[in-house]
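Peer 1: Next up is a structure, given as structure tokens.
The values are calculated or read from the model by the stated rules, or taken from the named source; none is laboratory data. In this text, all values refer to a predicted model and were calculated from it rather than measured experimentally. Here the Cβ positions follow ideal geometry from the backbone for every residue, glycine too, while neighbour counts run over all protein chains shown. Surface areas here come from the heavy atoms of the whole protein model, side chains and all, with no ligands, DNA or RNA. Shrake-Rupley method; radii C 1.70, N 1.55, O 1.52, S 1.80 Å.
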Amino acid sequence: MDSSTVEKVIREIEQHSPRHEAIHVGRVSAVGDGVVAIDGLDKALMSEVIEFEGTDGKGLADSMADQGSLYGLVLNLEEDGVRAAVLGDTARIHEGMTVRSTGQVLAVPSGDELLGRVVSALGEPVDGKGPFKNPTMMAVERIASGVIDRKSVSVPLQTGVKAIDSMIPIGRGQRELIIGDRGTGKTTIAIDTIINQRNEPEDSRPICIYVAIGQKESKTARIVQQLREQGALEYSIIVDAPASAPAALQFLAPYAGVAIGEYFMDRGKDVLIVYDDLSKQAVAYREISLLLRRPPGREAYPGDIFYLHSRLLERACRLNEEKGGGSITALPIIETQEGDVSGYIPTNVISITDGQIFLIADLFNKGIRPAIDVGVSVSRVGSSAQTKAMKSVAGGIKLELAQFRELEAFMQFASDLDKETADRIESGRRMVEVLKQKNGAPIPVEKQVAILYAASAGFFGEVAVSGVTSVEKQFADFLDIGYAKVLDAVKASGQLGDDAKKKLDKAMEEFRLAHPEHFAPAK
Amino acid sequence: MIAGGDGRTGKTPRAAVAALRDLLAAKGKSTLLSSIGRAFVRHAEREMRKDEMTLVVAREKDERKAKRDAKAVLENLNMGSDGLKTQIDDTLIGGWRLEGRGVLVDMSYKKQLLDIYNRATS
């Protein structure tokens, strides 16, 4: 024990004044699979935190050696007692153990010092960087902001993904679902969006929260590493409830994440929160509900499974100026089975959110990444937040791609097609190439505008389809070197004026002259 | 009150058990009788525990003072001290611990020392 600890102990002894404090207690009557039945605790509140008394019958030394307090969360109030989920190691609980009421609902620490940190679903640091010094405690369950406190979505949240920012724009305060089979790039889109926020000015840059639910620890570690390497960890917080964590913690993690986000929203900041993924949260909640003996419904999910997600996602909103003008943008992720979006949980979350980005395995396997199905994907409120510059260049892309997908089937009869159809197919193929993007490489919005302007002006029309991606990258670098001022102007004004268009036309011409090898006249 | 198949009611414990046995036999579920019996025992134990009040002290010689203190505490809580049981638990080191009727008052030295330790090391 070092001298500072001894001093602390002496100070604590001097300040210590024992009081006759009566606390409400109960006794564990049954325990199993992360759920305990407790006799007594007749004054317990719903969602109250209870503390298991691990020192019964143990000597002082053994009690001091215990690994910290063990808590539970009251989830069922019954006639003779309560049922609670254990928020920790169930193996430390035994029948007859005393359980004390704390009189507090579950809260997690939040504050600026959480930035760049990895925390558990209870807000405890798990990255080995030490405890938080002065956090603000935020209630995990909180009623979502009311209608009067909200305002419409009007500020864009740039994902850095061309296909999304142009066709399925997201606004700050929106809930946009990312849905698709396993291995179709759902997490990649979410992480790219977090990384892209480094392109935002520091004062308006959203705080990013990534909630990993039931994920492999290795995947979360890789994401943390990626964010650190890309310089995105400094404005991000990771809430980790891995697959090895008890179901109760996996069920609580999204609420903990949004509670941490609400601290920043209440202070007028914008927050981006990714729930990866809510399918696993629903499964964890089903497990707890069945153990709590709640009646099972469809697919054995409990009756309040819709409310589980609606009360979470309703907490994402944009507050009005009187409330500080902060926002929480939610990107929930749902994993489908065999592309079936009509499943119970997918349809629930689709109906709650303000749109969905649907990723399909076929496109992914064809090398079209991000593998977004433009026909099914939609953003219901984001278009009002899209910049005028992006609107002006992206207007026709969705229609063009939808027409291309319809005509794609006829590609094998290319020689028999009329010229108009053949041109449309060729143009569609190039647009698909333009919208392809590598993972971990989000593109700032001004550059997206320039590339899409070039695409809509037919710049890639003479480029071989296989070369479009590389020409696009070279052109983007060319703009960075010679036309940075134009890009800056587009970024600052959010508009693509005639002057900017002329300069981009000039840039295209210069690039064409500098790299004639890429451009073959149309046959 | 449990009514048997013949309309008998169990007005006394013996009659109630007989009526229940007859009812189960009439429904062909006599095997349930033993598990119902065990459930009754558990329920009765739980009900008895609800009214129990236990005073735990570290040493026998502390008992008199602890009882006096505990009675004062119970008066403050508007609880009677009838049926107060006493137990010895030397892990408490000193002081006393009163538990029962859904309430715990822990004035043991072990608790005080643990509180000081936890605050100093957190």
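Peer 1: Normalise the Cα radius of gyration of region A:378-523 by 2.2 N^0.38 Å (N = residues in it) and let me know the number.
Peer 2: Normalised Rg, Cα atoms only: 1.09.
Peer 1: Looking at region A:418-462, which chymotrypsin sites (Phe, Trp or Tyr not before Pro) are DSSP coil and have at most 15 other C-beta atoms within 10 Å of their C-beta?
Peer 2: none
Peer 1: I would also like to ask the following. Under a point-charge model restricted to the Cβ atoms of Lys and Arg (+1) and Asp and Glu (-1), what is the dipole moment magnitude of chain B relative to its Cα centre, in debye to the nearest 20?
Peer 2: 340 debye
Peer 1: Sticking with this structure for a sec: Return one number: the angle in degrees, 0 to 90 and rounded to the nearest 10, between the long axis of the Cα atoms of helix B:109-121 and the longest principal axis of the Cα atoms of chain B.
Peer 2: The angle comes out near 70 degrees.
Peer 1: For the protein assembly as shown, report the accessible area per residue in Å² (1.4 Å probe, heavy atoms, rounded to an integer).
Peer 2: 48 Å²
Peer 1: Still on this model: If you build the convex hull over the alpha carbons only and average its shadow over all orientations, what do you get for region A:132-209? Give it in nm² to one decimal.
Peer 2: Quarter of the Cα hull surface area: 8.1 nm².
Peer 1: Something else about it: Over chain B, what per residue volume does the convex hull of the Cα atoms give, in whole Å³?
Peer 2: Given the Cα convex hull of chain B, per-residue volume reads 176 Å³.
Peer 1: In deg cm²/dmol and to the nearest 500, what is the mean residue ellipticity at 222 nm of chain A if only DSSP H runs of at least 4 residues count, each as -39500 (n - 2.57), divided by the residue total?
Peer 2: Estimated from H runs of four or more residues: -11500 deg cm²/dmol.
Peer 1: While we're on this one: If I take every Cα pair under 8 Å that is 6 or more residues apart in region A:450-511, average their sequence separation and divide by the length, what percent do I get for the relative contact order?
Peer 2: Relative CO of region A:450-511 lands at 40 percent.
Peer 1: Let me ask something else about it. Considering only DSSP beta bridges with both partners in chain A, what is the antiparallel share in %, to the nearest 5?
Peer 2: Just about 60 percent of them are antiparallel.
Peer 1: Compute for chains A and B the buried accessible surface, both sides summed, probe 1.4 Å, and express it in Å² to the nearest 100.
Peer 2: 2400 Å²
Peer 1: Regarding region A:208-324, what is the average projected area of its C-alpha convex hull, in nm²?
Peer 2: Approximately 8.1 nm², given one-decimal rounding.
Peer 1: Across peptide B:101-112, how many C-beta atoms of other chains are within 10 Å of each residue C-beta, on average?
Peer 2: Other-chain Cβ atoms within 10 Å of each residue's Cβ, averaged: 6.
Peer 1: Keeping all protein chains in position, work out how much accessible area B:LYS29 exposes to a 1.4 Å probe, and write it in Å² to the nearest 10.
Peer 2: My reading of the accessible area for B:LYS29 is about 110 Å².
Peer 1: While we're here: Return a whole-number percent for the relative contact order of region A:53-179, with Cα pairs under 8 Å and 6 or more residues apart as the contact set.
Peer 2: 15 percent
Peer 1: Treating the protein assembly as shown as a set of equal point scatterers at the Cα positions, no solvent, please give the Debye-formula log₁₀ I(q)/I(0) at q = 0.09 Å⁻¹.
Peer 2: Log-scaled intensity ratios, in q order: -0.85.
Peer 1: Which angle between 0 and 90 degrees, to the nearest 10, do you get for helix A:397-407 versus the longest principal axis of chain A when only C-alpha atoms count?
Peer 2: 80 degrees
Peer 1: Given Cα positions, please report Rg to Rh for region A:258-347, the hydrodynamic radius being the Kirkwood one.
Peer 2: My calculation of the ratio gives 1.07.
Peer 1: Given Cβ point charges of +1 (Lys, Arg) and -1 (Asp, Glu) and nothing else, what value in debye, to the nearest 20, does the dipole of chain A about its Cα centre take?
Peer 2: Charge dipole of chain A: 1100 debye, to the nearest 20.
Peer 1: Taking 8 Å as the Cα distance limit and 6 or more residues as the minimum spacing, I'd like the relative contact order of chain A as a percentage.
Peer 2: 15 percent.
Peer 1: Same structure again: Size of the dipole of region A:370-483 about the Cα centre, Lys and Arg at +1 and Asp and Glu at -1 on the beta carbon, nothing else charged, in debye to 20?
Peer 2: 500 debye
Peer 1: If you only keep lysine pairs separated by 8 or more in sequence, or across chains, how many in region B:27-122 come under 22 Å at the Cα atoms?
Peer 2: 18
Peer 1: Mind checking the full-extension length gain between A:ILE368 and A:ARG293? Use 0.36 nm per residue of separation minus the Cα-Cα distance, one decimal, nm.
Peer 2: 22.4 nm
Peer 1: Using the per-residue mean of other Cβ atoms lying within 10 Å as a proxy for protection, in what order, highest first, do the peptides A:509-517, A:246-254, B:67-75 fall?
Peer 2: A:246-254, B:67-75, A:509-517
Peer 1: How much mean residue ellipticity at 222 nm does chain B get from its helices, if each DSSP H run of length 4 or more adds -39500 (n - 2.57) and you divide by all residues, to the nearest 500 deg cm²/dmol?
Peer 2: Result for chain B: -16500 deg cm²/dmol, rounded to the nearest 500.
Peer 1: Which order do the peptides A:141-154, A:468-481, A:386-399 come out in when sorted by mean C-beta neighbours inside 10 angstrom, highest first?
Peer 2: A:386-399, A:468-481, A:141-154
Peer 1: What is the P(r) of region A:106-250, as percent of Cα-Cα pairs per 10 Å bin from 0?
Peer 2: Each 10 Å bin holds this share of Cα pairs: 10, 35, 39, 15, 0.
Peer 1: Percent of accessible area on chain A owned by carbon and sulfur, 1.4 Å probe?
Peer 2: 52 percent
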